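A quick write-up on the structure given underneath.
No value in this document is a laboratory result; all are computed from the given coordinates. The structure presented is a predicted model; accordingly, all values stated were derived computationally and were not measured. With ideal geometry, Cβ positions are generated from the backbone for all residues, glycine too; neighbour counts draw on all protein chains shown.
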Amino acid sequence: MENYLLFVLIASITVLSPGPGVILTLTNAISYGNRGAICGICGIAFGTFIVAGISATSIGVILATSSIAFSILKYIGAAYLIYLGIKLWNAPVTAIEEKMQSKKGKKLQFLEGLTLQLTNPKAVFFFMSIFPQFVDFSKDYSSQFVFFVITYSSLVVIIHVIYAYLAKKSRKWLSSQKGGKRVNRLGGGTFIFFGIGLASASK
């Protein structure tokens, strides 16, 4: 349970951190309202299943049989978290534009979110290098895989729905230098903290 709670915490921060998916959700919510952002959010969540399936399952057997491979991937994951932290800490504030345009179709919004997640390196690296650290390879891998991926996808939906709900009220603050910098520094510092923790953790 302790490992699971740590997984939820790291996954939540990963999903919360500013990126293409968050910008898409905020933009859709501001332009089309809270309901108008739902299909895009579902596309992002579904894309998570595909990314997870390709990234995690393909390395599961190797990690289950090789402690060296596990250690290498652990340090790659730690380095990636620290890299994300430094990048986010120094990132410029992203302005969220309110666009007046005709409403996109639901299928188009879903495909937009799906495509974005499939090309999102943050999700790919998470499931390739960080996800395996929480799997007990002495037990059934597939059930753990499904459980963790459902958890991650659920967090995507929950967090992005909250983003959509707060979009109009928080747009000016998130786009301001003060508000944007605070978000970036908080997220960046948290990534660096967990990256160091992951590197020093034993299997």
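What the table shows:
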| quantity | calculated |
| --- | --- |
| Simple spin-label estimate for residue 5 and residue 49 in nanometres, 7 Å along Cα-Cβ | 3.0 |
| Burial ordering of 110, 127, fewest other beta-carbon atoms within 10 Å first | 110, 127 |
| Net charge of Cβ neighbours under 14 Å - reference residue 148; Lys, Arg +1; Asp, Glu -1 | -1 |
| Estimated inter-spin distance, residue 196 and residue 178, nm [label 7 Å along Cα→Cβ] | 2.9 |
| Residues 32, 75 arranged by fewest to most Cβ contacts within 10 Å | 75, 32 |
| 48, 25 arranged by Cβ crowding within 10 Å, fewest neighbours leading | 25, 48 |
| Among 41-47, 17-23, the order from most to least packed when residues are scored by Cβ within 10 Å on average | 41-47, 17-23 |
